[in-house]
Structure formats: structure tokens, C-alpha cells
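The values are calculated or read from the model by the stated rules, or taken from the named source; none is laboratory data. Since we're looking at a predicted model, the values are computed, not measured. Because the Cβ atoms are built from the backbone with ideal geometry, glycine has one as well, and the counts that use them run over all protein chains shown.
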Amino acid sequence: MIGAGAAAARPVTSDAEMTGCRPDDAAAALSGAPSAHATLLSRAGAVMRDLALAIRSPVRLGTIDGRVVLEVTVRPGDPAPVALAASARPAQDHALGRVLLAFSPSPVVDAMIGGAYPERLRRSLGTIRLTRFVVSQPGAAPGAVAMPVFGAGGALLAALELEVADMPDGLHGARAALAVATGSLSRQLATTHPAEATAV
């Protein structure tokens, strides 16, 4: 079960409001190129390693390439990641994928999961856009919290997901640490050359 916290009062009414940038900018930011992935990984590696060690829990980085979520996991003590791989998990079924969908323009979401997705999912994505995080609690498996990573102009570049083994007690600390990590990575990527940053 995935929840996103309490929604703010004002509804989101357009893709520009949803993503923080125009739909064409967001689509460009999510187009995959090997050099862009390398740039993302080079900035994210140290952030992911520090977060995994601080919380003693796996951290995942994800981005969208066409209709596919690409992701990589760093566990405590792992070296920096060197490559992204296609996720075996449907995007709407996990925290990382839902954050990416929530901040993507409607054509990207429609292409990935179909235009007739359930109203419950639409409401969930709207709530994530307002709260800027999502929590997953998949039963017996560890829970997770995920947040977006933005670049220059507010374009969505990626998302980070942190596993939380001791739900709900560990959620507050994990969410605070993840907010620091995503903020740091967003600041780094915002200063990257536009040709590199917007190609992710």
C-alpha cells in the first residue's frame, strides 16, 4: 500500500504546475542519453553512498528513459554506481516509480501505464506532487520513502528511494535524511551545464 501524506488545499491544474516546468522541458529532461546518465551517476554516487551508510539501508536512484524506469541500488558499503538498468518493477507499484510518474507530464504517464489508469492512482500522483514525497508499505517487505530530484528550471531529472526496515518508527529519520540528500543532489544538478542536465 502506498500513501503520500496529507495533501495541500490547492489542486494542481496543469502539467506546468505538476512538474515545475513546461511539458516540453520535462520531456527533454527525461530523454535518455548515455552521457546524461553518466552525468547523473557521477553526481549521485557520493550522495547515495553517504545516505546508505548514514541510515544503514539501501538507496535507489531512478530516472525515466522513454517508457522505461531505469534504476540502480547502492547498499551500505557499496562503491559508487556505474550504470543504470531497466527496472523489473512496474512504475506504479513502488515509491520510486510513483514519484517519477507524479512529476512527469501527462503524455509520459499515459505512454508508460496507459491513458485509462485508475482514478485512485490519479489522486495518488496528485497528492505526491503536492507533498513531494511518497511512502510505500508493501506488507512483509521493507517499506520505502521516495522523493524527486530536480535540475535547472525545476525539470525532473530523477528520484531517490530509501528503504525503511523499521516502519513506522524509522520513517521520520529516513524522510529527513532523504530530504537532505535530494536537496543536495538537486543543487548539484542545477549547476550542471544545461546540455548535460536536461538530457537525463
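Assorted remarks:
- For segment 71-123, a residue qualifies if it is crowded, with 21+ Cβ neighbours inside 10 Å, aliphatic (A, V, I, L, M) and farther than 21 Å from ALA141 by Cα, and the qualifying residues are LEU84, LEU100, LEU101, ALA102, VAL108, VAL109.
So that you can scan it fast, the table gives a plain yes or no per residue for (1) touching a His at 6+ places or on another chain (Cβ under 7 Å); (2) among the charged types (D, E, K, R); (3) not in a helix (DSSP H, G or I):
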{"site": "ARG89", "(1), (2), (3)": "no, yes, yes"}
{"site": "LEU96", "(1), (2), (3)": "no, no, no"}
{"site": "VAL108", "(1), (2), (3)": "no, no, no"}
{"site": "MET112", "(1), (2), (3)": "no, no, no"}
{"site": "ARG120", "(1), (2), (3)": "no, yes, no"}
{"site": "THR127", "(1), (2), (3)": "no, no, no"}
{"site": "ALA141", "(1), (2), (3)": "no, no, yes"}
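- Of the numbered criteria (1) closer than 21 Å to LEU61 by Cβ; (2) modelled with pLDDT of 90 or more; (3) in contact with a helix residue (DSSP H, G or I) (Cβ under 8 Å, 6 or more places away or on another chain), the one SER124 fails is (1).
- Criterion violated by PRO76 - all others in (1) part of a helix (DSSP H, G or I); (2) over 17 Å from PRO148 (Cα atoms); (3) at pLDDT 90 or above satisfied: (1)
- Flag if THR63 is assigned to a strand (DSSP E or B) and in contact with a His (Cβ under 8 Å, 6 or more places away or on another chain): yes
- Looking across segment 87-127, just one residue is aromatic (Phe, Trp, Tyr) and without any contact (Cβ under 8 Å) to a residue 40 or more places away in the chain, and that is TYR117.
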